[in-house]
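The values are calculated or read from the model by the stated rules, or taken from the named source; none is laboratory data. Bear in mind that the values here come from a model prediction, so they are computed numbers and not experimental data. Quick reminder, even Gly has a Cβ in these numbers, built from the backbone with ideal geometry, and neighbours come from all protein chains shown.
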Amino acid sequence: MSDVILETKHLTKEFKGFTAVNDVNLKVQRGHIHALIGPNGAGKTTCFNLLTKFLVPTSGQILFNGHDITAARPAQIARMGVIRSFQISAVFPHLTVLQNVRIGLQRQLGTSFFFWQSERALDRLNERAMQLLAEVDLTEFADTITVDMPYGRKRALEIATTLAMEPELMLLDEPTQGMGHEDVHRVTELIKKVSAGRTILMVEHNMKVVSGICDKISVLQRGAMLAEGTYAEVSTNAQVMEAYMGTEAAELEGAH
């Protein structure tokens, strides 16, 4: 069995008497695509915010590669290799696609986010940037101003900029949200492709996406862990079916 890259122990977050994340014990295996699913308000995004240190847990522990990172700051865990791609497209709209990826790569020059870097200094990053664009099928868009790109392609660019940070663990927050069928399919294939040699933890609503690419699924309900296992195990779990009452339960079934 592969080893555990990320683990939470009794992770809990309370907001003024409301428990958003309740005693969650999560284990993400190295090399897996692991999904965090659950009905709206289940605590998935809060859980993500705890893992990337945008929120401080009320109690519990977060371990990355066996090291306790509970007290680490967001920049520290990013340097360790835990990189999050955001729900809302987090790219610079008025730069070209290539320039966006170069900014992600600047970290390797030890000159993170010096936007006044000379073009010459940045030009040596072009080759690697083009490799990353090829990895996410965006080569032909290299010189396109990002704002002019279709939505699904912007999400692909976001994955490329996340890859530029050389993540050991990629956190993808609703990667297919708001997409049409064709884009969903493209981004799903892309996630599968870039997962080679990497570990991905994703929050995702679309059950077809989850059923198609995830090794393991954790289901949250009202902030607590409801079930965990493969898609086949989780989708036939009576408690999970009940939690996903109505349309979502039908979707759970339909993704088989």
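Filter segment 163-172 down to the residues that are of a type outside the set (A, V, I, L, M) and either at pLDDT below 90 or buried (at least 22 other Cβ atoms within 10 Å of the Cβ) (or both) and list them by number.
Of all residues in segment 163-172, those of a type outside the set (A, V, I, L, M) come to 166-168.
Scanning segment 163-172 gives a single hit, GLU166.
PHE48 - would you say it is among the aromatic types (Phe, Trp, Tyr), at pLDDT 95 or above and surrounded by 14 or more Cβ atoms within 10 Å (Cβ to Cβ)? Working first, answer last.
Working: among the aromatic types (Phe, Trp, Tyr): yes; at pLDDT 95 or above: no; surrounded by 14 or more Cβ atoms within 10 Å (Cβ to Cβ): yes.
The answer is no for PHE48.
Among residues belonging to segment 84-106 that are part of a strand (DSSP E or B) and in contact with a Leu (Cβ under 7 Å, 6 or more places away or on another chain), point out the one that is modelled with the highest pLDDT.
First, the residues of segment 84-106 that are part of a strand (DSSP E or B): 84-85, 96.
Retained after the next criterion (residues that are in contact with a Leu (Cβ under 7 Å, 6 or more places away or on another chain)): 84-85.
Values: ARG84: 89, SER85: 84.
The residue in question is ARG84.
From the list THR45, THR19, which one is touching a residue at least 60 places away in the same chain (Cβ under 8 Å) and either over 24 Å from ASN206 (Cβ atoms) or in a loop (DSSP other than H, G, I, E, B) (or both)?
Values: THR45 fails: either over 24 Å from ASN206 (Cβ atoms) or in a loop (DSSP other than H, G, I, E, B) (or both).
Going through THR45, THR19 in turn, the sole match is THR19.
Would you mention how many residues in segment 212-256 are at pLDDT 90 or above, of a type in the set (Gly, Ala, Ser) and within 21 Å of ALA20 (Cα to Cα)?
Qualifying residue count for the region: 4.
Taking only segment 150-198 into account, find how many residues are in contact (Cβ under 8 Å) with a residue 40 or more places away in the chain, under 13 Å from the mean Cα position of the chain (by Cα), more than 21 Å from VAL4 (Cα to Cα) and part of a loop (DSSP other than H, G, I, E, B).
So the answer is 3.
Can you name the condition, by its number, that HIS205 falls short on among (1) surrounded by 15 or more Cβ atoms within 10 Å (Cβ to Cβ); (2) outside any helix (DSSP H, G or I); (3) outside the structural domain of THR52 (by TED's automatic domain parsing); (4) modelled with pLDDT under 90?
It is condition (3) that HIS205 fails.
Of all residues in segment 107-148 being small (Gly, Ala, Ser) and not in a helix (DSSP H, G or I), which is modelled with the highest pLDDT? Spell out how you get there, then give the answer.
Restricting attention to segment 107-148, the residues satisfying the condition of being small (Gly, Ala, Ser) are 110, 112, 118, 121, 129, 134, 142.
So of that shortlist, the ones also not in a helix (DSSP H, G or I) come out as 110, 112, 118, 142.
Working: GLY110: 56, SER112: 52, SER118: 63, ALA142: 96.
Applying the filter and picking the extreme gives ALA142.
Quick one: is ASN25 surrounded by fewer than 15 Cβ atoms within 10 Å (Cβ to Cβ), in contact with a Ser or Thr (Cβ under 8 Å, 6 or more places away or on another chain) and assigned by TED's automatic domain parsing to the domain that holds SER211? So that I can check it myself, show each step before the final result.
Working: surrounded by fewer than 15 Cβ atoms within 10 Å (Cβ to Cβ): yes; in contact with a Ser or Thr (Cβ under 8 Å, 6 or more places away or on another chain): yes; assigned by TED's automatic domain parsing to the domain that holds SER211: yes.
Spelling it out, ASN25 is indeed surrounded by fewer than 15 Cβ atoms within 10 Å (Cβ to Cβ), in contact with a Ser or Thr (Cβ under 8 Å, 6 or more places away or on another chain) and assigned by TED's automatic domain parsing to the domain that holds SER211.
Report yes if some residue within segment 53-67 is touching a residue at least 60 places away in the same chain (Cβ under 8 Å), crowded, with 17+ Cβ neighbours inside 10 Å and in a loop (DSSP other than H, G, I, E, B); otherwise report no.
no
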